[in-house]
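A short write-up of the structure that comes next.
Read-outs: derived from the displayed coordinates by stated rules, not from any lab. It should be emphasised that the depicted structure is a prediction, and the values quoted were computed from it without experimental measurement. Cβ sites come from the backbone with ideal geometry, for glycine too, and all protein chains shown count toward neighbours.
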Ligand SMILES: O=C(O)CCC(=O)C(=O)O
């Protein structure tokens, strides 16, 4: 039987690589050792009360279900704790680990770096005041030579429909959509008949603590509100090949990318 440690070190199989290429995402189970996972979860929880910034608030994003402003009830609910890798070495060592680097290298086809300027956060989805995130591609506000980036979403606790697990549209990273199928902020317009088949193809990514979903920055994804009684915590990082550079002067170039171990 495969132990948690074997799983955390395991390379990608060719079948997994092909599945990622076809579907635009790939779930791998048990990619964080229990001790490291417990440490990340502890640090995340200890950063919520009192809230340790920098953070993004639900009220900042105006997504469906979010409080209207920071002054409204629930307005101080954080959505993301920013700068995860500088919060504790557990995040940095996991996110820049050689084992993760090898998997990303086989998906991106060359040496990779962690982009500090994007994600690099702990998503905190709270009961009561969390928002739903509509269908979008992460690449929409990012600026690199090529759109070939991968985000890595590590579940720090269980992620299921009831607490707002991620949903993916398989194969959507290859779609060339007319601009009219997206709204002003580049979310898919759910009311358009031409978007129905795509949206109906959604799959939910349910995960246990320590599971990871790798997803292409062009894959459309979404998530619901947290209707459970507990906060959902996930650490999220983004990677690019070391020869795929952020465009100087853009937000993507705010901080230098980090080499893997
Ligand atoms: O609401 C969520 O958990 C999804 C967040 C997400 O996809 C994003 O911020 O890019």
Next on the checklist: Under the 0.36 nm per residue contour assumption, what length would be gained going from the current alpha-carbon distance of residue 161 and residue 13 to full extension?
Outcome noted: 50.4 nm
Item to check | Packing rank of 144-150, 17-23, where each peptide gets the mean count of other beta carbons within 10 Å, highest leading | outcome: 144-150, 17-23
Item to check | Kirkwood-Stokes translational diffusion coefficient of the range 14-92, alpha-carbon pairs, 20 °C, 1.002 mPa s, µm²/s | outcome: 140 µm²/s
Item to check | Estimated FRET transfer efficiency (residue 204, residue 73; beta-carbon r; R0 35 Å; 0.05) | outcome: 0.75
Next on the checklist: Could you work out [θ]222 nm for the chain from helices alone, using -39500 (n - 2.57) per DSSP H run of at least four and dividing by all its residues? Round to the nearest 500 deg cm²/dmol.
Outcome noted: -6000 deg cm²/dmol
Next on the checklist: Taking 0.36 nm per residue of sequence separation and subtracting the Cα-Cα distance, how much length would be gained by fully extending the chain between residue 242 and residue 179, in nm to one decimal?
Outcome noted: 19.7 nm
Checklist entry - Using the Kirkwood formula over every pair of different C-alpha atoms, what hydrodynamic radius in Å results for the range 4-259? => result 18.6 Å
Checklist entry - Given just the C-alpha atoms of the range 177-261, how large is their convex hull per residue in cubic angstrom? => result 185 Å³
Next on the checklist: With an 8 Å Cα cut-off and a minimum separation of 6 or more residues, compute the relative contact order for the range 4-259 in percent.
Outcome noted: 30 percent
Next on the checklist: Which one, 54, 34, 193, has the greatest fluctuation when you compute a Gaussian network model over the chain with C-alpha springs under 10 angstrom?
Outcome noted: 193
Item to check | the range 110-224 - Rg (one decimal) and Dmax (whole number), Cα, Å | outcome: 14.6, 43
